[in-house]
1. Mind telling me which of the residues Lys36, Lys73 ends up being of a type in the set (D, E, K, R), at negative phi, at pLDDT below 85 and surrounded by 14 or more Cβ atoms within 10 Å (Cβ to Cβ)?
2. Anything in segment 82-116 that is among the hydrophobic types (A, V, I, L, M, F, W, C), over 10 Å from the mean Cα position of the chain (by Cα) and part of a strand (DSSP E or B)? List them, or say none.
3. In the set Thr44, Thr48, which member is touching a residue at least 24 places away in the same chain (Cβ under 8 Å), out of contact with any Lys or Arg (no Cβ under 9 Å at 6 or more places or on another chain), of a type in the set (S, T, N, Q) and not in a loop (DSSP other than H, G, I, E, B)?
4. Just to check your reading of the model, which residue among Ile19, Ile32, Ile25 is assigned to a helix (DSSP H, G or I) and touching a strand residue (DSSP E or B) at 6+ places or on another chain (Cβ under 9 Å)?
5. For segment 55-69, how many residues are in a loop (DSSP other than H, G, I, E, B) and farther than 16 Å from Cys94 by Cα?
6. Out of the residues in segment 53-98 meeting the condition of being touching a helix residue (DSSP H, G or I) at 6+ places or on another chain (Cβ under 7 Å) and in contact (Cβ under 8 Å) with a residue 60 or more places away in the chain, tell me which one is farthest from Asn115 (Cα to Cα).
7. Quick check, is Glu104 surrounded by fewer than 16 Cβ atoms within 10 Å (Cβ to Cβ), acidic (Asp, Glu) and either farther than 23 Å from Ser157 by Cα or modelled with pLDDT of 90 or more (or both)?
8. Out of all the residues in segment 117-164, which are in a loop (DSSP other than H, G, I, E, B), in contact (Cβ under 8 Å) with a residue 24 or more places away in the chain, surrounded by 11 or more Cβ atoms within 10 Å (Cβ to Cβ) and of a type outside the set (Phe, Trp, Tyr)?
Amino acid sequence: MKNKKSFIKTFIAVIICAILAVFAISQYQIIIAKSKFADVKKLTEAITSLEEKSFIENGKYITNIEDLNLDKKENISCDIILVRCIGCSPSFTCHTLINNIEIEYTTYFLHDPYNGNITSKKAYCSTHSINQNNITNKICQQETGKTALQSSCSITSNDCSYAY
């Protein structure tokens, strides 16, 4: 009888430990994902700063990412996307994979149509998943303070964008 009680107590303790481990692993994955996105955002902001400086000093943006001489992080890629719109700068974007889903942070400048000066900076967080419950959408929602209903999602391209 004593061995049976001891076994039951041990079994209950193991179950409690397993439940706690599941929550700990889940929280750990969220922390890692947020850290990856913070690196993406930091690198994009560094590009944006250098591009703004280039535009103010030289009147033009740098169009080749390699010319920026940035210290790149592993598993993060960045692009300068030439935008063909009146009053827009190129887009500066960096992205990475979190749980095999791409997440990116993009910035660009708006220009005064009369004098060409920078008037404002725009930014958005995008994820290549329309599943509102996955971690990449949750990160974008937390970052921007926007809900899933306030995002711009496209079923055809399977992505969601959240403007800041």
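1. Just a single option satisfies the conditions, and that option is Lys73.
2. Result: Cys88, Phe92, Ile101, Phe109, Leu110.
3. Thr44
4. Ile32
5. Residues in segment 55-69 being in a loop (DSSP other than H, G, I, E, B) and farther than 16 Å from Cys94 by Cα: 3 in total.
6. The extreme case among them is Ile98.
7. no
8. Selection gives His128, Ser129, Ile130, Gln132, Asn134, Asn158.
The values are calculated or read from the model by the stated rules, or taken from the named source; none is laboratory data. Computed from a predicted structure; not experimentally measured. Note: ideal-geometry Cβ built from the backbone for every residue, glycine included; neighbour counts use all protein chains shown.
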